[in-house]
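To start, the structure itself, in structure tokens.
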Amino acid sequence: MAECMIDNMDDVQTYQLYSSVSQQDVEWLWYPYIAYGKITLLQGDPGDGKSTCMINIAATLSSGRLLPSGEMVANPQMVIYQCAEDNASDTIKPRLVQAGADCDKVAFITDEIAELSLNDGRIEDTIQSLNARLLILDPVQAFIPQDADMQNAAKMRAVLRQLGIVAEKHHCAVVLIGHMTKSNSGKSLYRGLGSIDIAAVARSVLMISRDKENPEIRYLSQIKNSLAPEGDPFAFVMHPEVGFQWLGKCLGVGNSDDYFSNVDYVRRKSKMEQAKEYLRLMLSVDDGASKDVIAKMKKMGISERTVRSAVKEIGVYAYRKDNAWYWHMGKDSSGE
């Protein structure tokens, strides 16, 4: 490769004053979790719902609906969802349809001739051609170039820097979905497979974990944010019968007392409507002890009287187990 020689360095300006830089605010796809023009890393253990979570966010962006925190997507946007592990026809499209996506606004890059990699020119060409606002690479490990070792910090930084330039140039949010190591020791930030530089280059790092007592309930937490204060965790449920549902913003993460408080419900719905909705969500996964449900509702500002009235209206019935009353969603409306 021919080297570029500069004869006279005096003719080249090697600096720029910040006074000449136009200041601008960061624009967010979902504040403060995913920013336009930046790289976000979403990591978690296999099977915890990383892909399903991002498919639902992609569906929201493509169809112009409410984000989990209650903000409305101003205009439907183009999304590129690139998945290396699932089939487009029998897995990915059914998931998109179930999530309510506008499939005319969700695309993928064909890679029959050559496998796609992070520094592939087809990524920028497709973003520019579609004016895409969100690119999802799932999982990032499948798109590492052959000449870049995930454990090699220098090479990974170079590859990700190039991807970051493409994201910024086209004002496209890039989400890299990554698997985590099996180790339970150390900070979550360092459990991602490969070089820590993947998390270092990302401006936002998100992690999905399961509830300790109700594995169907998952938490989306932010463990790094270089652009804004870290956001509160959000909960969602993945269950064979109820499918995927956002539960809302969490009061905390770690045990069954750390439930959710969706600000959109608080703003738009009466206490009775909130109680009915929360009961359906809480009992969609498993039966709950009535005293525990009432205690959680009180944390959300809903009185026991309102809860018991809601129980009678939505078809919850009670039964005794281990000297305690439990609530179950059913046709019998006699709630203890």
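The values are calculated or read from the model by the stated rules, or taken from the named source; none is laboratory data. Please read these numbers as outputs of a predicted model, since none were measured by experiment. Glycine gets a Cβ as well: all are built from the backbone with ideal geometry, and neighbour counts include every protein chain shown. When the accessible area is computed, the model is the full protein with side chains, heavy atoms only, and any ligands, DNA or RNA have been set aside. Shrake-Rupley method; radii C 1.70, N 1.55, O 1.52, S 1.80 Å.
A few remarks follow.
- Pick from segment 101-115, criterion of a type outside the set (D, E, K, R) and modelled with pLDDT of 95 or more, ranking: nearest to GLN146 (Cα to Cα): ILE109
- Scanning segment 166-195 for residues that are under 22 Å from the mean Cα position of the chain (by Cα) and modelled with pLDDT of 95 or more yields a total of 11.
- Scope segment 15-42; condition of a type in the set (A, V, I, L, M) and under 11 Å from the mean Cα position of the chain (by Cα); matching residues: ILE34, LEU41, LEU42
- Residue ID - least open to solvent (accessible area, probe 1.4 Å), chosen from residues in segment 78-92 that are out of contact with any strand residue (DSSP E or B) (no Cβ under 9 Å at 6 or more places or on another chain) and part of a helix (DSSP H, G or I): ALA88
- Subset of segment 289-304 [among the acidic types (Asp, Glu) and crowded, with 20+ Cβ neighbours inside 10 Å]: none
- Members of segment 123-156 that are modelled with pLDDT of 80 or more, surrounded by 15 or more Cβ atoms within 10 Å (Cβ to Cβ) and part of a helix (DSSP H, G or I): ILE123, GLU124, THR126, ILE127, LEU130, VAL140, GLN141, ALA142, PHE143, LYS155, MET156
- Here is the figure for segment 305-317: residues that are open to solvent by less than 20 Å² (accessible area, probe 1.4 Å) and either modelled with pLDDT of 90 or more or among the β-branched types (Val, Ile, Thr) (or both) total 4.
- For SER69, the criteria (1) under 30 Å from ASP232 (Cβ atoms); (2) in a helix (DSSP H, G or I); (3) open to solvent by less than 60 Å² (accessible area, probe 1.4 Å) hold in every case but one, which is (2).
- LYS50, sole failed condition from (1) among the basic types (Lys, Arg); (2) closer than 21 Å to GLY178 by Cβ; (3) touching a helix residue (DSSP H, G or I) at 6+ places or on another chain (Cβ under 7 Å): (3)
- Counted residues, segment 41-59 - those being β-branched (Val, Ile, Thr) and either in a strand (DSSP E or B) or open to solvent by 10 Å² or more (accessible area, probe 1.4 Å) (or both): 1
- For ASP286: the one exception among (1) open to solvent by 10 Å² or more (accessible area, probe 1.4 Å); (2) free of Cβ contacts under 8 Å to residues at least 60 places away in the same chain: (2)
- Segment 196-208 - residue that is among the small types (Gly, Ala, Ser) and at pLDDT below 90 and, of those, least open to solvent (accessible area, probe 1.4 Å): ALA199
- Those residues of segment 157-179 which are of a type outside the set (Lys, Arg), open to solvent by 40 Å² or more (accessible area, probe 1.4 Å) and in contact (Cβ under 8 Å) with a residue 40 or more places away in the chain, in sequence order: GLN162, GLU168, HIS171, HIS179
- Residue selected from segment 252-272 under the condition surrounded by 13 or more Cβ atoms within 10 Å (Cβ to Cβ) and at pLDDT 75 or above, by the criterion nearest to GLY70 (Cα to Cα): LYS271
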